[in-house]
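Enquirer: Handing you this structure, nothing more for now.
The values are calculated or read from the model by the stated rules, or taken from the named source; none is laboratory data. Everything numeric here is computed off the predicted structure, so don't read it as measured data. Counting neighbours? That spans all protein chains shown, and the Cβs are built from the backbone with ideal geometry, glycine included. Each accessible area value is taken on the protein alone, full model and side chains, heavy atoms only, with ligands, DNA and RNA left out. Shrake-Rupley method; radii C 1.70, N 1.55, O 1.52, S 1.80 Å.
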Amino acid sequence: PGWTVGVKQDGTAWSFGSNGFGRLGRGIIDIGNYPVPGQIPDLSAKAAASASFHSLMLLPDGTIRGFGGNFWGQLGLGPGDLFEHHSPVLVPGISGVFAIAAGLNSSFVLVGDPNTGGTIKSWGNNDFGVLGIGSTFPSLNPLQVPEDLKVAKPIFSVPEGTTFPTQVRIVCGTPEAVIHYTTNGLDPTESDPVVASGSSVLVDHSLTLKARAFRT
């Protein structure tokens with residue numbers, strides 16, 4: 001869309017290209033073109049995402065700041081407006097974020113623990129129901145995307161037939177799920193041993209490891 005934002009390994013945030021709608025986030029009050037990368041002042045970030053008219057920055061403390069256009073409420077500030085937001089503004093009511101995305105005039109974040117999964121929150125334009133909130137109406141505030149109540153299948157870190165001894169890491173993407181496992185070939189039940197998502201089970205002899213996740 002005519003501009004680029006990014007984050008360096010040292011956490012500094014940079015932008016270049018067109019500053020229309022304040023999309024560079026550097027506090028520059030014009031619609032000029034800036035072909036040389038410039039640092040976004042007073043901002044330390046972990047990740048960046050940009051769409052048609054706005055950008056999001058994920059801060060180290062799990063909060064979000066955005067800049068650019070906000071006419072669909074894509075900055076998460078409440079009512080949409082026609083102002084150009086030239087400097088990063090805090091998205092209120094959002095914390096614990098570990099991943100971000102932006103599409104057209106919509107915004108998305110993953111909130112929770114990256115090791116055990118997270119919940120999606122979205123806001124902004126909602127053409128064709130892209131926000132996943134069960135309607136096609138825009139959302140001016142972050143809303144949680146309803147979850148599929150089916151618990152995700154646990155994933156093993158190594159394929160079957162791996163030479164032992166091996167630490168087999170087991171992960172389930174459903175938040176708050178409890179993983180039960182067996183080593184006797186039987187299907188796990190809620191009375192079988194528990195392994196935390198992201199933890200490992202030692203396989204040091206020939207056996208059949210099975211896992212199943214449950215959630216209340």
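Enquirer: Within the stretch 31-47, does at least one residue satisfy the condition of being touching a Ser or Thr at 6+ places or on another chain (Cβ under 7 Å), on the phi > 0 side of the Ramachandran plot and not charged (D, E, K, R)?
Expert: No, the stretch 31-47 contains no residue that is touching a Ser or Thr at 6+ places or on another chain (Cβ under 7 Å), on the phi > 0 side of the Ramachandran plot and not charged (D, E, K, R).
Enquirer: Here is a further query. Just checking, how many residues over the stretch 196-208 are part of a strand (DSSP E or B) and more than 10 Å from Ile170 (Cβ to Cβ)?
Expert: 3
Enquirer: Could you name every one of the strands (runs of 3 or more DSSP E) located completely within the stretch 10-108 that has at least 3 residues being of a type in the set (A, V, I, L, M) and either open to solvent by less than 70 Å² (accessible area, probe 1.4 Å) or touching a strand residue (DSSP E or B) at 6+ places or on another chain (Cβ under 9 Å) (or both)?
Expert: 33-44, 47-50, 54-58, 97-103
Enquirer: As an exercise: evaluate Tyr181 against (1) open to solvent by 60 Å² or more (accessible area, probe 1.4 Å); (2) of a type outside the set (A, V, I, L, M, F, W, C); (3) in a strand (DSSP E or B) and give the number of the one condition it does not meet.
Expert: (1)
Enquirer: Let me ask something else. Among the numbered criteria (1) within 30 Å of Gly27 (Cβ to Cβ); (2) open to solvent by less than 50 Å² (accessible area, probe 1.4 Å); (3) not in a loop (DSSP other than H, G, I, E, B), which one does Gly118 miss?
Expert: Gly118 satisfies every listed condition except (1).
Enquirer: Oh, and also: Could you grab me the full set of residues in the stretch 121-150 that are part of a strand (DSSP E or B), hydrophobic (A, V, I, L, M, F, W, C) and open to solvent by less than 50 Å² (accessible area, probe 1.4 Å)?
Expert: Across the stretch 121-150, the qualifying residue is only Trp123.
Enquirer: Hey, among the residues in the stretch 167-176 that are crowded, with 16+ Cβ neighbours inside 10 Å and more than 19 Å from the chain's Cα centre (by Cα), which one's nearest to Thr119 (Cα to Cα)?
Expert: The qualifying residue nearest to Thr119 (Cα to Cα) is Ile170.
Enquirer: Shifting gears a bit: Please give the number of the condition Thr183 fails out of (1) touching a helix residue (DSSP H, G or I) at 6+ places or on another chain (Cβ under 6 Å); (2) within 30 Å of Ser206 (Cα to Cα).
Expert: For Thr183, the failing item is (1).
Enquirer: When you go through (1) part of a strand (DSSP E or B); (2) open to solvent by 40 Å² or more (accessible area, probe 1.4 Å); (3) without any contact (Cβ under 8 Å) to a residue 60 or more places away in the chain one by one for Ala211, which number turns out not to apply?
Expert: Tallying (1) part of a strand (DSSP E or B); (2) open to solvent by 40 Å² or more (accessible area, probe 1.4 Å); (3) without any contact (Cβ under 8 Å) to a residue 60 or more places away in the chain, Ala211 fails exactly one: (2).
Enquirer: I'd like the full set of residues that are touching a Phe, Trp or Tyr at 6+ places or on another chain (Cβ under 6 Å) and under 24 Å from Ala152 (Cβ atoms), limited to the stretch 202-216.
Expert: Val203, Ala211
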